[in-house]
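Each remark here refers to the structure printed beneath this line.
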């Protein structure tokens, strides 16, 4: 019996690799082979899913402080997670952030370093940003941006927010007051005009251009290509082939809800498994009632109690996986 464990992180309790390993342990107990595939949706955790950092560079943090940002360069492909250079966590969360001042300069500096190092493909993973600068800080930090013409610049995101909506949609969670949201929206309008004038790209009506406070739009103006984050990661990991060769598929994430089926890992893996005709289920931390029948699953909070799910997540994942695998396996293997 061949199982693929293609899972996202359980935010705050376990990494995707830890969750995949716990499911792998359950497979071992049942005598199943398991391919452990930590996955991400293009946001935080994508760098780890694509091999992890193999270098760290000093760049400008979201509020101007110097930070050490991990990134990856392997075989002419650079992987940059913008949260590592311009993330909200680096600003101390919404409470410590200055929504008006936060800048994507550090992310642009990483892209510039990747170009200097000879990268021919640059994957920029959005999500977890402190910024609503329309990506202007990043665009201005890239010296000789014409070098990007000879590079494949791929921008991974999991939202469809448009450029001028970025402040209203994301600003409050980055610490912006209602008055600041209005000011940031006006600034995004001016930045869009700059991109149209300097690069000939109107970013205002492109779905997803508002991701990471408009960083997606700035990178589109430089010739980047915006891709659904899960699809990009799945392609990089050859997840389609792994699922095609499997008998069962297990996915998972911290909280199962409607958003799980709109560009997130669980929905993406579920879709690939259904298309391939493979039984699929999920191990999740908790689940919203309205999606309980969308995918076969075991919820840790319901099965073992919230306290144990939070404090012993890997034990819970392993035991939940045993339950799920027994439900999913074909009767011929019982």
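Among the residues in region 181-193, are any free of Cβ contacts under 8 Å to residues at least 40 places away in the same chain and under 19 Å from residue 87 (Cα atoms)? There is at least one residue in region 181-193 that is free of Cβ contacts under 8 Å to residues at least 40 places away in the same chain and under 19 Å from residue 87 (Cα atoms).
Looking only at residues of region 189-217 that are at positive phi and touching a strand residue (DSSP E or B) at 6+ places or on another chain (Cβ under 8 Å), we find that the one that is surrounded by the fewest Cβ atoms within 10 Å (Cβ to Cβ) is 208. For residue 122, state whether it is touching a strand residue (DSSP E or B) at 6+ places or on another chain (Cβ under 8 Å), over 24 Å from residue 204 (Cα atoms) and either not assigned by TED's automatic domain parsing to the domain that holds residue 215 or not in a helix (DSSP H, G or I) (or both). The answer is no for residue 122. Return a yes/no flag: does region 218-228 have any residue that is in contact with a strand residue (DSSP E or B) (Cβ under 9 Å, 6 or more places away or on another chain), surrounded by 15 or more Cβ atoms within 10 Å (Cβ to Cβ), in a helix (DSSP H, G or I) and in the same structural domain as residue 106 (by TED's automatic domain parsing). Checked region 218-228: at least one residue is in contact with a strand residue (DSSP E or B) (Cβ under 9 Å, 6 or more places away or on another chain), surrounded by 15 or more Cβ atoms within 10 Å (Cβ to Cβ), in a helix (DSSP H, G or I) and in the same structural domain as residue 106 (by TED's automatic domain parsing).
The single condition among (1) surrounded by 20 or more Cβ atoms within 10 Å (Cβ to Cβ); (2) outside any helix (DSSP H, G or I); (3) modelled with pLDDT of 95 or more that residue 156 does not satisfy is (3). Checking each residue in region 98-115 for being surrounded by 24 or more Cβ atoms within 10 Å (Cβ to Cβ) and more than 13 Å from residue 215 (Cα to Cα) picks out 99, 110, 114.
Any residue at all in region 133-152 that's under 17 Å from the mean Cα position of the chain (by Cα) and either at pLDDT below 95 or closer than 30 Å to residue 33 by Cβ (or both)? Checked against the condition, which is being under 17 Å from the mean Cα position of the chain (by Cα) and either at pLDDT below 95 or closer than 30 Å to residue 33 by Cβ (or both), region 133-152 yields no hits at all. Entry remark, region 125-140: residues being touching a strand residue (DSSP E or B) at 6+ places or on another chain (Cβ under 7 Å) and over 25 Å from residue 196 (Cβ atoms) number 3 in total. Please determine whether any residue of region 187-205 is at pLDDT 95 or above and under 26 Å from residue 264 (Cα atoms). Yes, region 187-205 contains at least one residue that is at pLDDT 95 or above and under 26 Å from residue 264 (Cα atoms). Residues in region 22-46 that are without any contact (Cβ under 8 Å) to a residue 60 or more places away in the chain and farther than 24 Å from residue 226 by Cβ were compared, and the one that is surrounded by the fewest Cβ atoms within 10 Å (Cβ to Cβ) is 31.
Among the helices (runs of 4 or more DSSP H) confined to region 17-118, the ones with at least 1 residues that are over 25 Å from residue 142 (Cβ atoms), assigned by TED's automatic domain parsing to the domain that holds residue 129 and at pLDDT 95 or above are located at 93-96. Filtering 179, 168 for residues that are out of contact with any helix residue (DSSP H, G or I) (no Cβ under 7 Å at 6 or more places or on another chain), surrounded by fewer than 22 Cβ atoms within 10 Å (Cβ to Cβ) and not in a loop (DSSP other than H, G, I, E, B) leaves a single hit, 179.
The values are calculated or read from the model by the stated rules, or taken from the named source; none is laboratory data. Here the structure is a predicted model, which is why all the values come from computation and not from measurement. Positions of Cβ are generated from backbone atoms using ideal geometry, with glycine treated the same way; all protein chains shown enter the neighbour counts.
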